[in-house]
Each structure stands twice: as structure tokens, then as C-alpha cells.
């Protein structure tokens, strides 16, 4: 048992040095508590034999699947690039937020196996975010919850990130996904991939950030300190077309321009812009108070939809990793905002969130019901 006699739920997800990843984990932890369980977010400490195994696996992929060499090299560089792109102040604020709101425990997989062998865990969630990247080049076992009892495994809106799976992962994905009783995926492409790989149908669930209402997110939001402003949040370098739209908007609406995230390589192209350092809670606050958000980020769009902030979305120019545009397009299509993707004009644009609110509420209820049913089955041992 956990604190106050509550059963624990283990959570395996991404949550480091990325606003969206941290905030979806925050939302999942809050919902788990609302269900009467104690959340425990797994943080893995690599073991020596695990590091050796991963290096051998990478060498094998490079040798037998040469057409994936460039992709694998880019994915290898991605985590460190993500960290390097953030200044120390931003990293510190993210760490402070995680320390306060996300209950992590750091252990090796061997230690986790011993920990979960007992009965204190009611179930285990893998997700959300890109825990099932189709181009993952390291050991897959952990992110399919292979170290926990099979009947307690729950796929919690995992994302593949792409619309396909690399040849070197197909066999393992087929086997491991088939061994998870409670299946779901975050994107439509993910639902189709699971069908193609296993022949099984599964639910398409929204990202956990949508489980919290605007009112719930307002507990993190601080008052507006900046007056009228447009906000830029690009995960990768935006092209000149996107930057021109940003400037057009600011001139038309007579507002200042604030920029968050990694912008050192391109902020000089924007006139009268100010770069800000912020933590996850401040990130939500900035989106909430913005006149408009310009972004290539899935979670940037997601918080705009939740908080009713006008937005324009752009194709992400991936400088590392693989193209993951499917997840952004998926949520825009679901909520009826495809016209806000790569917009032709950004002047007088009307935003009505009535229909998207209804879609999100329906999806929210569907996701909560999925979790409720999955937890009941896990605890009953079915």
C-alpha cells in the first residue's frame, strides 16, 4: 500500500525537459489521485548490462537495416539536443515543477521488478506521449511493461509518433502489444497501426492534458504580467513563411511578441520580440493570457483548445528525430480546426470553441471510462 493506505498505480511515460511531456504526466497523476490511488512515476536508472545491450542493439540495427542509419543517428542525438536547447534557468524551473507535482522514484529495472512483484500496485500505465515510437532503436521491453504482471498492463493513450513502424521493430511490436489487455492509442494512425500489427481493435484516446478542465488548469495559472501579446512556441526552427505570419499578426492586432522555448537560432528574424524563461506552470499561464499562439507543438495547440486561446499551427521542421505531424493533424481534425494549420491569412479570424469543447468533453468522459474499466479488470485479475 502507498500513503494513507491507498493502492499504487505505476506510470511509465516521458516527462523530462519538455513542457507537454511534463504537463501530461501532471494531468495523469492528478486523475489517478482522483480515482483514489497513489501515483508512482517510474524513473529508470540504467544498469551496466542494459547499456551494453542497447549499444549492441543499435549496432545490429545499423548493420542489418542500413536505410535507417540516418534516422537512428538523429534519434540518438535528440535527447541531448532537447536538453542543450534549454537554458539552465528553464531546466531548473522544470525540475522544480517535477519535484513539487510529479511523484517520481528512481530505480533500476531489476529493482522495479522486485518492487512490483508485491501486491501494492493495482495496475501500471504506459503513456501517454511517444512511449511507442515506431523508430525506437533501444530495448523495447520496458515501454511495453514487460517487467510487470500481464493482467495489470494498461496502454494509456500511447503515441507512436509516426504512422509506421521501422522494419527492425515490427516483430517485437506485434508480440508485445498483443500481451497488453487494455489497449488504446492517442492518434488515429496509432489505432490503425495496432490493427495492422495485431489484428486487434482499440480505443483512440485523447492526450491526458485534456482530462483536466480549464478550471482545473487555472490552479496553475498566475495573473497576466505582459498586457496584449502574441506568443511563439516552436519546438524546431520555423520557416520564413511562419515568421512572416507572426509579424503580420502583431502589426494587424497591435500587440507585442513574446517567445518561449528554444529560439536562439531564429528570434533575431522577428522584430520587437522578447524571449522569456518559464517553467511548465508559467507556460500554461502564457498560453492562457495570449491574444494568439503561433506553434508547431501538439501540446501548444492542446492548451489553446482547452483554454480558448486563438492559435495558428505550422508544420514542424524536424531537425532531429522523425516527422511526427500526424499527432498534430489528428487533434486539429478531431476538433474541427484544420483551417488553422498553415494559415493563408492571420488578420480577422474568428474562433469559436463551442464544437471543440463538446468533442473534448465527450473524449474526456470516454477516457475516464476506459481507465475505470481497465483498473477494475486489472484489480480483478482478468
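Values quoted throughout were computed directly from the atomic coordinates according to the rules given, and no laboratory measurement underlies them. What you see is a predicted model, and the numbers here were worked out from it, not measured in a lab. For neighbour counting, all protein chains shown are included, and Cβ atoms are generated from backbone atoms with ideal geometry for every residue, glycine included.
A few remarks follow.
- Global geometry of region 214-351, whether rounded, prolate or oblate, following the gyration tensor of its Cα atoms and the 1.5 cut on a/c: rounded
- Label zone at residue 349 (point 7 Å along Cα-to-Cβ), backbone N below 15 Å, region 217-231: 230-231
- Here each label is just a point 7 Å from Cα along the line to Cβ, and for residue 150 and residue 357 those points are 4.6 nm apart.
- Applying 0.36 nm per residue to the separation of residue 119 and residue 43 and subtracting their alpha-carbon distance, the gain on full extension is 25.4 nm.
- Residue order, fewest to most surrounding Cβ atoms within 10 angstrom, among 380, 334, 367: 380, 334, 367
- Ranked 372, 327, 136, 350, criterion: other C-beta atoms within 10 Å, fewest first: 350, 372, 136, 327
- Spin-label model distance (nm) - residue 96 vs residue 178, 7 Å beyond Cα toward Cβ: 5.0
- Relative to the current alpha-carbon distance between residue 226 and residue 107, full extension at 0.36 nm per residue lengthens the span by 38.6 nm.
- On full extension, the segment bounded by residue 214 and residue 201 gains 1.5 nm, given 0.36 nm per residue less the C-alpha separation.
- Anisotropy class of region 193-293 from Cα gyration tensor, a/c 1.5 cut: oblate
- Each of 175, 245 was scored by other Cβ atoms within 10 Å of its Cβ. Arranged with the fewest first, they read 175, 245.
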